[in-house]
1. If you scan the stretch 110-163, which residues turn out to be crowded, with 17+ Cβ neighbours inside 10 Å and either in contact (Cβ under 8 Å) with a residue 60 or more places away in the chain or in contact with a strand residue (DSSP E or B) (Cβ under 8 Å, 6 or more places away or on another chain) (or both)?
2. Quick one: what pairs do we get from the stretch 1-26, first residue modelled with pLDDT of 70 or more, second hydroxyl-bearing (Ser, Thr, Tyr) and in a helix (DSSP H, G or I), C-beta under 6 Å, 6+ apart or different chains?
3. Please tell me if Val45 is within 30 Å of Gly171 (Cα to Cα), among the β-branched types (Val, Ile, Thr), in contact with a helix residue (DSSP H, G or I) (Cβ under 7 Å, 6 or more places away or on another chain) and at pLDDT 90 or above.
4. Cβ-Cβ under 7 Å, sequence separation 6+ or interchain: first residue in the stretch 77-88 and over 20 Å from Leu58 (Cα atoms) and surrounded by fewer than 17 Cβ atoms within 10 Å (Cβ to Cβ), partner at pLDDT below 95 and of a type outside the set (Asp, Glu). Which pairs?
Amino acid sequence: MPTPPFPRPNAGILLLFGAMALLFGAFALVSPLDAAIALAWALGVMALAEGLISIAILFDGQHTLPRGWLVIYSIASLLFGIFTVLNPAATAGILILLLGAWLIIGGLFRIVFATRVRRFIRGEWLIGLSGGLAIVLGALFLSSPIAGLVVTTLWVGVLSVLYGVVQVAAGILLWRRRRAG
């Protein structure tokens with residue numbers, strides 16, 4: 001068998017990623033609100049790390065961005081990270097509200113777009129329908145952010161479980177192939 005032009009996949013890594021995805025997916029399905037808060041907290045930790053790294057780059061002198069932009073980014077990352085780590089539930093709630101607003105704006109855009117292109121394409125009503133559905137979903141998120149957060153986290157949980165199953169299956173297949181020869 002010829003050597004591939006890219007690094008060979010590691011069965012252990014695939015199995016590890018799959019197991020982690022399965023564990024997180026199960027956690028999200030059993031306790032979606034706690035999983036959403038945990039995700040927000042992890043996002044805060046990443047923002048803190050990004051802010052600290054950006055500050056280190058400022059003093060390193062090897063940055064390619066203008067110094068002022070790097071300072072602004074560092075401060076924004078640190079502030080967001082601190083707020084999120086200290087209050088991940090509020091961050092998760094704010095993010096679902098922003099998602100709701102974005103869905104409504106995007107839905108309106110799709111409806112306007114569908115009416116403007118109806119002379120040029122067939123099936124424009126599907127674009128308009130997707131806009132209407134986005135508006136409904138956005139309104140639901142805005143009217144009940146906790147329910148929106150739970151439903152969104154449940155979907156993330158389902159997708160994490162599916163991803164985990166695929167990763168574990170790929171890892172097992174790779175492990176068997178390597179073992180066979």
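1. Within the stretch 110-163, Leu149, Val150, Thr152, Thr153, Val156, Gly157, Ser160, Val161, Tyr163 qualify.
2. Short answer, once both residue conditions are applied: Ala21/Ser160; Ala21/Tyr163; Phe24/Ser160; Gly25/Ser160.
3. When the stated conditions are applied, Val45 passes them.
4. Qualifying pairs under 7 Å: Phe83/Thr91.
The values are calculated or read from the model by the stated rules, or taken from the named source; none is laboratory data. Source: prediction; values computed, not measured. We place every Cβ from the backbone using ideal geometry, glycine too, and count neighbours over all the protein chains shown.
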